[in-house]
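To start, the structure itself, in structure tokens.
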Amino acid sequence: MRRDYSDIIDRERPVSKKHPPMDRMMRAAQFAPFAALTGHDEAVRETARLTEEEIELDEYEVAELNRKLQWLAEHKDTEVAVVHFVKDAKKEGGAYVKDTGILKKIDEHTHTLVLVCEQEEVQIDIWKIIEILI
């Protein structure tokens with residue numbers, strides 16, 4: 001069955017008396033793509049983001065770090081690079097970060113090492129340090 005629409009092809013489009021015609025932007029918005037699952041892409045990216053597990057140092061590595069911390073305690077205002085573990089705020093694990101700066105102090109009460117990095121004070125948990133580069 002073939003139909004050529006000759007009976008309606010020349011007629012004008014019907015216009016409603018109750019509803020005003022929709023402007024072009026509103027009509028286009030009807031067909032615009034949308035995210036049915038808002039936040040899904042971000043959740044997938046967050047799940048795919050890799051974190052590292054915290055390394056546990058052996059007794060020899062701990063002794064070497066203690067030796068370097070003792071040396072630093074005697075030599076304030078020394079430039080030092082410290083590699084330490086920073087726990088991830090959103091998921092299990094974290095990342096190893098290297099901070100370089102001038103040693104301001106070693107606080108034995110809070111077990112923190114305080115560096116001044118680019119006019120900003122950085123506090124590093126001594127128990128999270130895996131390497132000190134003097």
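Coordinate-derived values only; no laboratory data. Because the structure is predicted, anything quoted here is derived from the model rather than measured. Here Cβ is always computed from backbone atoms with ideal geometry, including for glycine, and neighbour counts include all displayed protein chains.
Looking only at the range 22-67, how many residues end up being charged (D, E, K, R) and more than 30 Å from residue 92 (Cα to Cα)?
Going through the range 22-67 one residue at a time, the tally reaches 4.
Quick one: how many residues across the range 63-74 are out of contact with any strand residue (DSSP E or B) (no Cβ under 8 Å at 6 or more places or on another chain) and either exposed (fewer than 13 other Cβ atoms within 10 Å of the Cβ) or under 25 Å from residue 121 (Cβ atoms) (or both)? Give the derivation first.
First, pick out the residues of the range 63-74 that are out of contact with any strand residue (DSSP E or B) (no Cβ under 8 Å at 6 or more places or on another chain): 63-64, 66-67, 70-71, 74.
Those left that are additionally either exposed (fewer than 13 other Cβ atoms within 10 Å of the Cβ) or under 25 Å from residue 121 (Cβ atoms) (or both): 63, 66-67, 70-71, 74.
Summing the residues that are out of contact with any strand residue (DSSP E or B) (no Cβ under 8 Å at 6 or more places or on another chain) and either exposed (fewer than 13 other Cβ atoms within 10 Å of the Cβ) or under 25 Å from residue 121 (Cβ atoms) (or both) in the range 63-74 gives 6.
Among the residues of the range 12-71, write down those that are among the β-branched types (Val, Ile, Thr) and under 30 Å from residue 128 (Cβ atoms). Let's see the steps before the verdict.
First, pick out the residues of the range 12-71 that are among the β-branched types (Val, Ile, Thr): 15, 38, 44, 47, 51, 55, 62.
Across the range 12-71, the qualifying residues are 44, 47, 51, 55, 62.
Within the range 54-106, restricting attention to residues that are touching a residue at least 40 places away in the same chain (Cβ under 8 Å) and in a loop (DSSP other than H, G, I, E, B), the residue that is farthest from the chain's Cα centre (by Cα) is 78.
Taking the stated definitions as given, is residue 91 more than 18 Å from residue 134 (Cβ to Cβ) and surrounded by fewer than 11 Cβ atoms within 10 Å (Cβ to Cβ)?
Criteria not met by residue 91.
Does any residue of the range 28-50 turn out to be assigned to a helix (DSSP H, G or I), surrounded by fewer than 10 Cβ atoms within 10 Å (Cβ to Cβ), among the acidic types (Asp, Glu) and within 15 Å of the chain's Cα centre (by Cα)? Yes, some residue in the range 28-50 is assigned to a helix (DSSP H, G or I), surrounded by fewer than 10 Cβ atoms within 10 Å (Cβ to Cβ), among the acidic types (Asp, Glu) and within 15 Å of the chain's Cα centre (by Cα).
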